[in-house]
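The values are calculated or read from the model by the stated rules, or taken from the named source; none is laboratory data. Note that the structure is a prediction, hence the values are computed from the model and not measured. With ideal geometry, Cβ positions are generated from the backbone for all residues, glycine too; neighbour counts draw on all protein chains shown.
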Amino acid sequence: MAPNLNYALEWTSSETQPLVLGALSFLTLILFSAAAWPKLKILLSAKAAGRNDRILERIKITLKIAFGQTKLMQDKSAGWMHALIFWGFLILLFRAAEFFFIGFFPETDFSFPGNTPLIMAYAWVKDLAVFLVTLAVIFALYRRLWVKPSRLTLSGEGLLILALILAIMISDMMFDSAFLALHPEGHSGPIGLTLALVFKNLSNNILRDLHSLAYWTHVSSILIFLILLPRSKHFHILTSIPNVFFSKLNSGHDLNRIDFEKAETFGVTKIEDFNWKQMLDLHTCTQCGRCDRVCPAWKTDKPLSPQQLTVDLRDRLNSPPDSDIPLLGETIEDETIWSCTTCGACESACPVMIEYVDKIIGLRQGLVLTEDRYPKEFISAFKSLETQSNPWGFPNASRSNWAKDLGVPIWDKTQPTEYLYFVGCNGSFDTRGKKITEAVVKTLRDAGVDFSILGNDEGCTGDPARRAGNEYLYDMLASKNAQTFKEKGVRKVVTHCPHCFNSLKNEYPEFGSQLEVIHHSELLQKLIQDGKVISKSSEEEKIVFHDSCYLGRHNGIYDAPRETLKTNSIKEIEQSRETGTCCGAGGARFLLEENTGTRMSHHRLDELMVNEPNTIAVSCPYCVLMLEDAVKAKNLNVKVRDIGEMVEKKN
């Protein structure tokens, strides 16, 4: 920019330049709208998602994740690359507007008066953004063409987008430098000033041609970029910020109860059954592969790639509405749907907050409730849950047999205890699970905690049924438990099973249960802080901690279970806390045989054994079962223990 100088270009006159640019811009708008409007129309007509609450909290998350790029920074090199491009483009939006103003008003002096500090600061910031974006794009090309990370799919589309961004950056540099070489009295940032010195010996005709070429390359690249956006995966550039803004805020899976008396369809059997947020998810996938890299099913050669699932659903969403190819069994294979453990690792890794678990459960509901098609192992499990309120067929009248010789009090509505200890199916019936229950009871009793149990009035929370897609059965079980809690006046519940914890805390409020639910790790943490119990682990013991998906990722509880142990004995591994790997039991998969690929529990055990521990500490009875089976299969000398078995009364 320079004072008293206009930007009329060599290749066009001041009369034709606005017409040419206007025609190109109008054509771009038509082509962009032709591809974007059908997508927007589907979103506007889709089912409601209920994501309009807690606006300030949503703004905060959007600033942190979308604008701050915090989730991308989990992978530092790729994170900085994407962040620099994103931040650079935010700065260069004003520069793009400047280019179009120049084109539409060539006779207007668009220069600012004098070399004011503000104008010079803008020029330097703009050049810094151009420089950093250019470096980031070159690094991106290097990664794609030479490094070739396994999680990335090399595509011509991706290379074309990078080439367009590079063209926009280079043309910006050429535009300023050619202009300054023609008009030395002008001013610019450091890039323009430096390159102007390089170009100063070129003839004026060449400089004018270079100036015009740079301008039209710049605006043409922007217009081509806009045409491609709604026709490619890079549509996420427009959808990622709203997708983050409308992401779920609650713990758990954000599932909703089905009104079986009014609902016309059950679950997802066609693409239109997804709500608008789920559809927005599909348009937002960047195909970065981060979800695949952390998925326990994909790691162990199951036919589930979260990325491919999203791409297949997106392709189906974008396909003609009269397509007669079934969604279930054709677009998405049944085994793909049943391979998911609902662990949420994919959601934790996704930099644009795509939600996968609710879609998987919706597809399972479609298979179970509408198609009546599901793994054979679920036949007996569903029947047992319906008749005996546990998935293994044990008589419900024997649910409290474990407590007969322990003198555990049964809940009395007239004399309620402070806590109801909700034991769960595993802790009531499984041989190994009952040992955990007994350990928890002993600890609570020794610490003077006032608690009792429901005994045979307790029933399965319904978690296995809901995760398996049998929402009707879940509704029946949850309704019965919720009624029991209400009739007995239960207010505070402690449970050692994260699956029970998640259901009671996050999903039972829809059934009228307003409970204060805590996990036994949280209660043990408080008892240790109060000096009532201490850790049994010795200073020499090498402990590795395995995070339960339903306690950690789905409910954000990581510190409490660790603080029940001597923290200097814990040898953390790379795959821990938010990046921990599932044991394979979640999503009702503890009821299914694992016939494809490597067992997920074996894969997880291999990760845990990297630091050669002598104890694997866990906070979930299902994790105990899965990992103990893996230890036996691999014939390893390591103990698997619930944290409830690793504390004792302080003398």
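With respect to being in contact with a strand residue (DSSP E or B) (Cβ under 8 Å, 6 or more places away or on another chain), on the phi < 0 side of the Ramachandran plot and either modelled with pLDDT of 95 or more or among the acidic types (Asp, Glu) (or both), Asp446 fits the description. The residue that is farthest from the chain's Cα centre (by Cα), among those in region 419-444 that are surrounded by fewer than 24 Cβ atoms within 10 Å (Cβ to Cβ) and free of Cβ contacts under 8 Å to residues at least 60 places away in the same chain, is Lys442. Only residues that are assigned to a helix (DSSP H, G or I), touching a residue at least 12 places away in the same chain (Cβ under 8 Å) and under 15 Å from Ser251 (Cα atoms) were counted in region 509-526, giving 1. Considering only residues in region 509-529 that are over 25 Å from Lys442 (Cβ atoms) and of a type in the set (S, T, N, Q), the one that is surrounded by the fewest Cβ atoms within 10 Å (Cβ to Cβ) turns out to be Gln514. Just to be sure before I move on: is Ser177 among the polar types (S, T, N, Q), crowded, with 17+ Cβ neighbours inside 10 Å, over 30 Å from Ala66 (Cβ atoms) and touching a Leu at 6+ places or on another chain (Cβ under 7 Å) in the structure I sent? Considered against the rule, which asks whether it is among the polar types (S, T, N, Q), crowded, with 17+ Cβ neighbours inside 10 Å, over 30 Å from Ala66 (Cβ atoms) and touching a Leu at 6+ places or on another chain (Cβ under 7 Å), Ser177 comes out as yes. Quick one: is Asp324 without any contact (Cβ under 8 Å) to a residue 12 or more places away in the chain, surrounded by fewer than 22 Cβ atoms within 10 Å (Cβ to Cβ) and within 23 Å of Ala263 (Cα to Cα)? Spelling it out, it is not the case that Asp324 is without any contact (Cβ under 8 Å) to a residue 12 or more places away in the chain, surrounded by fewer than 22 Cβ atoms within 10 Å (Cβ to Cβ) and within 23 Å of Ala263 (Cα to Cα). Contact annotation: residue pairs with Cβ atoms under 6 Å, 6 or more positions apart or on different chains, pairing a residue in region 49-61 that is under 21 Å from Lys359 (Cβ atoms) with a partner that is in a loop (DSSP other than H, G, I, E, B), are Arg51/Phe246.
For region 218-237, check the following and say yes or no: at least one residue is within 29 Å of Phe32 (Cα to Cα), free of Cβ contacts under 8 Å to residues at least 60 places away in the same chain and under 29 Å from the mean Cα position of the chain (by Cα). Within region 218-237, one or more residues are within 29 Å of Phe32 (Cα to Cα), free of Cβ contacts under 8 Å to residues at least 60 places away in the same chain and under 29 Å from the mean Cα position of the chain (by Cα).
So is Ala447 among the small types (Gly, Ala, Ser), touching a residue at least 12 places away in the same chain (Cβ under 8 Å), under 15 Å from Glu507 (Cβ atoms) and buried (at least 20 other Cβ atoms within 10 Å of the Cβ) or not?
no
For Thr417, all conditions in the list (1) among the polar types (S, T, N, Q); (2) at pLDDT 95 or above; (3) under 28 Å from Gly587 (Cβ atoms) hold save one; what is the number of the exception? If we test Thr417 against (1) among the polar types (S, T, N, Q); (2) at pLDDT 95 or above; (3) under 28 Å from Gly587 (Cβ atoms), just (3) comes out false.
Filtered by the rule that a residue be touching a helix residue (DSSP H, G or I) at 6+ places or on another chain (Cβ under 7 Å) and small (Gly, Ala, Ser), region 303-333 gives a lone residue, Ser305.
Residue-by-condition table, conditions (1) of a type in the set (Asp, Glu); (2) at pLDDT below 95:
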| position | (1), (2) |
| --- | --- |
| Glu541 | yes, yes |
| Ser548 | no, no |
| Ile557 | no, no |
| Ser569 | no, yes |
| Thr581 | no, no |
| Gly597 | no, yes |
| His602 | no, no |
| Leu608 | no, no |
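Is at least one residue of region 175-185 out of contact with any helix residue (DSSP H, G or I) (no Cβ under 7 Å at 6 or more places or on another chain) and in a helix (DSSP H, G or I)?
Taking region 175-185 as the starting set, the residues that turn out to be out of contact with any helix residue (DSSP H, G or I) (no Cβ under 7 Å at 6 or more places or on another chain) are 183-185.
When the remaining residues are screened for being in a helix (DSSP H, G or I), the result is none.
No, region 175-185 contains no residue that is out of contact with any helix residue (DSSP H, G or I) (no Cβ under 7 Å at 6 or more places or on another chain) and in a helix (DSSP H, G or I).
For region 124-143, residues that are among the small types (Gly, Ala, Ser) and either under 12 Å from Ala78 (Cα atoms) or touching a His at 6+ places or on another chain (Cβ under 6 Å) (or both) total 2.
Does Trp124 count as surrounded by fewer than 17 Cβ atoms within 10 Å (Cβ to Cβ), of a type in the set (A, V, I, L, M, F, W, C) and assigned to a helix (DSSP H, G or I)? Yes: the conditions hold for Trp124.
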